[in-house]
């Protein structure tokens, strides 16, 4: 039995480490803020706050595993939030589920465009999504005509999605939970998910194994788009405002969460649970900085620094792993 | 006998600028082990890639159990129960052994469509046990040694109960004991009725295993023989196209005093405590199997990689090049093993390739002097008898042998003392090979110290003055080329001597 | 040792520099191997008659090839530039007014300053997304230090220094950790640099520059805006650096085949650090021009510049996979996008639409080289009657 635990620890050393860091930060911040951190209210807030991040991180993880990246996340969120709430303001009686469905569909289309550009036109992911980021953002302004969709444009039922609870948990947390479980099953138990790992690990091997790498990439970007659409409508719902600048720069949050969660930017590796923990860790940091009375102007810089430090740390760790496996190759 | 399992008729395949296969025939019978032999570039790999659906043939027919089939992609071939072990490992380093074995045909639960990992690990363990291997199926393939990965590849091929298994150079990186294991597995498969296509450079593989042998040369079908009925010289003749009186130049080099001395050079995981010395005008051969560490050793000498321990002396002076740039400055130049990936910029003109490592020499004050570059490239090209219309032609338009000559020009353009040639005749046709021997001999005659790494034993014996044998990173023998036989050398590189 | 010391050769074998300078005993083959009793008689079954090391004629000059010259990407850009101008001048009567054009250039040219350093970075297959943030940080520090009493010239030097440091940090990280992609590193420094700028200045602006400072952005030289004159000078310098120096050649080598470049003794680390440092310096120059035009600096300045800059470079024919492209193409592309923006602005196209258009333009431009290659490959796939080109493609190995 203890052997099993040892194996589990060895295989999930990164996830356990992330969890340990989370606990350390929680304890530290709680002590520094005089107990304001670990109140049930704040914890619930924190997870509600992180829910959108967790949802989109699941998609970004898949894209990064295929050795890609997507900078257009924030723009997709804004576009889908804007379109869905514009529909809502015209038809207030519509069921919130339909509104969410519209947002997801918008995101899916946007993500599919990204995927097609990357997979079928062979454009570098960073260039393609830098372009679509501006296209989607521009479209958002054009759809809105410069005006905002505010609370008065949204129905009570819709607003309830973000505030309401079920089984004693906030709806957003529940949705995030469902997405994480689904992503975990998809990436570990289904062939399509394993294909994502295979393509990211070695595209040339994938070609010989008969895996259609282009289709797999398209799928990853499409999933990310759909999840961004979902995240976008939740974002709009939560803050009761959809506008041109919605979720500006959100992609950095998502990328940071992935990197923190141990998703290798070089592709091929990364775990769902790790990425989810990364998102939670980032959410906690975002929540903790104001509690520690750190100026909001610092937060951006700190986020960038976190990404930089963790990608460098990832490289150093993997260099050490290679070295150790060389040492094992006894001569 | 009943209909053949696989029959290929008049198969032709053209790549841009190369006719890789020209009207090729092939017939594989039930429960047969069929060897395909031929020199580098004979079209063997292309041939099996057509069978496995990686490439599509331009023309010709493929009959599987008497039925015409068209494979559009590897999936089609897999479905037709054809499995292949490729020359270059086609693994996924981050994924587990079990997943590598079963990729494409994972065990899936009928109701949920979910992958049944437990069953897969169990089956992987069983498959590996059949191969007498106790690898943990949960380990990522990236942490395995080359030989262990080969075993995973074999397990992958037999995991589908295929009717045809294709093995492309499966023994290239295996020790003789591991080879014997592979032979036994192959025989077991054959006795179960599987047909095997076996591609190898090694005659001993073929004589030990195959029933029939088919020879390709320059993309053409030469013939098929019963293995028992054909002698080695006849086979070589078929492969090479003439009697194997391979032409090695008359030695004209004169060996001078010590030029390079290597003392206790080690690099963790690659080679250990290597000692040797090289004299002026000497051709020092290096022999060893893939994974023996010879290429890594050469890369350390040329500054590509760095050794952990040990010293290198050039003309009595200690040198420790940290980069190729420094090594070139010291006078050590490398002709890399991967000509197209490391030696040349294929999309560039010949003259730009020639001058690349010494660009500063062509920048008079402010501007690069392209005229001078071209003139130098022309002069050096003529020195090595480069066959090209102009020095402005792209290197990609040249044949393998002429591409290699461009790399030689590149080395000649620098002021070097030691030339390290890592497999200079790899992928070069026979005629160009003897020219390259000639060049090597002439360079030695000019006073260069030449290190000549090759997997081809006859050429190593024919060209070198002295030969070092390497096995798993350790030097296992040193011989005078005039006194050693192929057999002795083989024993040394397998560390059995 | 064991070989025949018959042929001592014309030079003593211990010669110091057996380089190309000495003609060597190797010119025509037969002299070396005269007493060879097993002389090879055209051994190659297919390679034609290759008597070992016979001297061959190779040309080192070719005639001007008009077809190749006119099939260049740059000509298409020229056509595109003319088309943009033609359409624009038809759409609005005020388009071809000299002072209007110069004003438009004044507004736009700070982006153009960044294109050549960016081009060099893309040439080696990297990318720098942090340029706009570097501009913001160096601009903000210039403004703040001047407000704190530093004389303006010194504040400008400080800006240049900050730019150089920002770029060097990018370059050093990339050189030290070769496994990291420039994309992700500069993405994070993009956040960090602008983050630091907003820590320093929060949401305020710093200004109160001396009067002469505004002339940098608004002044004229030889009847042209200073910034345009600077851009022309910059173009000349970069044509020289990129096309006529060993440094420029090594960039193309790295972009085409980094491994082969390394084996040829090109120090990619040093090149990387220098490229990103140059990028940083030019970002701070652009920041000085921008600050001079705006009269103040704020942390949000130059937001989104990277899009235009990368779009110009890519449209100019610089392949994002590295190793291809010419300065002149990028030069023309800069004016295409500049005039496009100017024309669209004149006919009151809303700025979000322009954003969409530029984004689309980037995507189209980035996909063109791939489409071009695809077409070329299709065209080339026709069998060529050249039996000597064995094993030139990796697929054809045996």
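Could you run the Debye sum over the Cα atoms of the protein assembly as shown, one equal point scatterer each and no solvent, and tell me log10 of I(q)/I(0) at q = 0.08, 0.10 Å⁻¹, two decimals? Reported log10 I(q)/I(0), two decimals: -1.03, -1.47. Exposure proxy ranking for A:67, B:194, A:140, based on other Cβ atoms within 10 angstrom of each Cβ and starting from the fewest, stands as A:67, B:194, A:140.
In terms of surrounding Cβ atoms within a 10 Å radius of their Cβ, B:366, B:145 rank from fewest to most as B:366, B:145.
With neighbour counts taken as other beta-carbon atoms within 10 Å, the residues C:252, A:190 rank, fewest first, as A:190, C:252. Helical runs (DSSP H, four residues minimum) scored at -39500 (n - 2.57) apiece and divided by the length of the protein assembly as shown put the mean residue ellipticity at 222 nm at -17500 deg cm²/dmol.
Each label point was placed 7 Å from the Cα along the Cα-to-Cβ direction; for residue C:270 and residue A:49 their separation is 5.0 nm. Using the alpha-carbon centroid of each, what span in Å lies between segment C:202-278 and segment B:268-331? Their Cα centres are 40 Å away from one another. Structural descriptor for segment C:74-372: relative contact order 35 percent, calculated from alpha carbon pairs under 8 angstrom and at least 6 residues apart. Protection proxy ranking of A:107-117, C:173-183, by the mean of other Cβ atoms within 10 Å over each peptide's residues and highest first, is A:107-117, C:173-183. Shielding value for A:138-147 is 4, the average number of Cβ atoms from other chains within 10 Å of each residue's Cβ.
Note on the protein assembly as shown: antiparallel DSSP beta bridges, both residues inside, total approximately 60 percent of the bridges counted.
Over the whole of A:298-305, what's the average partner chain Cβ count within 10 Å per residue? Rounded to a whole number, please.
Counting Cβ atoms of other protein chains within 10 Å of each residue's Cβ and averaging gives 6.
With a ≥ b ≥ c the root eigenvalues of the C-alpha gyration tensor of segment B:303-375, is it rounded (a/c under 1.5), prolate (a/b larger than b/c) or oblate? Oblate. Histogrammed with a bin width of 10 Å, the alpha carbon distances of segment C:74-372 distribute as 7, 27, 35, 23, 7, 0 percent, first bin at zero. Peptides C:295-302, C:240-247, C:88-95, B:399-406 ordered by packing proxy, namely the average of other Cβ atoms within 10 Å per residue, highest first: B:399-406, C:295-302, C:240-247, C:88-95. On full extension, the segment bounded by residue A:322 and residue A:178 gains 48.2 nm, given 0.36 nm per residue less the C-alpha separation. Rg and Dmax over the alpha-carbon atoms of segment A:189-331 stand at 18.6, 65 Å.
What is the Cα centroid distance between segment A:45-82 and segment A:100-119, reported in whole angstrom? Cα centroid to Cα centroid, the span is 13 Å.
Summarising the label geometry, the points placed 7 Å from Cα in the beta-carbon direction at residue B:27 and residue C:208 lie 9.8 nm from one another. Please give, to one decimal in nm, the separation of the simple spin-label points placed at residue A:31 and residue B:61, each 7 Å out from Cα toward the Cβ. In this crude label model, residue A:31 to residue B:61 measures out at 8.2 nm.
Translational diffusion coefficient, Stokes-Einstein: compute it for segment C:272-350 using the Kirkwood radius over C-alpha pairs as Rh, at 10 °C and 1.306 mPa s, and state it as an integer in µm² s⁻¹.
Taking Rh from Cα pairs, D becomes 109 µm²/s.
Per-residue Cβ counts within 10 Å, from other chains only, averaged over B:393-402: what number is that? The shielding value for this peptide is 4. May I ask you to derive the FRET efficiency for residue A:160 and residue B:138 from their Cβ-Cβ distance with R0 = 41 Å, giving the value to the nearest 0.05? Taking R0 as 41 Å, the efficiency between residue A:160 and residue B:138 is 0.35.
DSSP finds beta bridges in chain B, and of those with both partners inside it, around 55 percent are antiparallel.
Relative contact order of chain B: 15 percent, from C-alpha pairs under 8 Å at least 6 residues apart in sequence.
Summary of the geometry: segment A:142-204 and segment C:75-101, compared by the centres of their Cα atoms, lie 47 Å apart. Based on every Cα atom in segment B:258-493, Rg and the maximum pairwise Cα distance Dmax equal 17.5, 58 Å.
Only the coordinates and a few stated rules stand behind these numbers; no lab work does. Owing to the predicted nature of the structure, the values given are computational and were not obtained by experimental measurement. Glycine also receives a Cβ, built like all others from the backbone with ideal geometry; neighbour counts cover every protein chain displayed.
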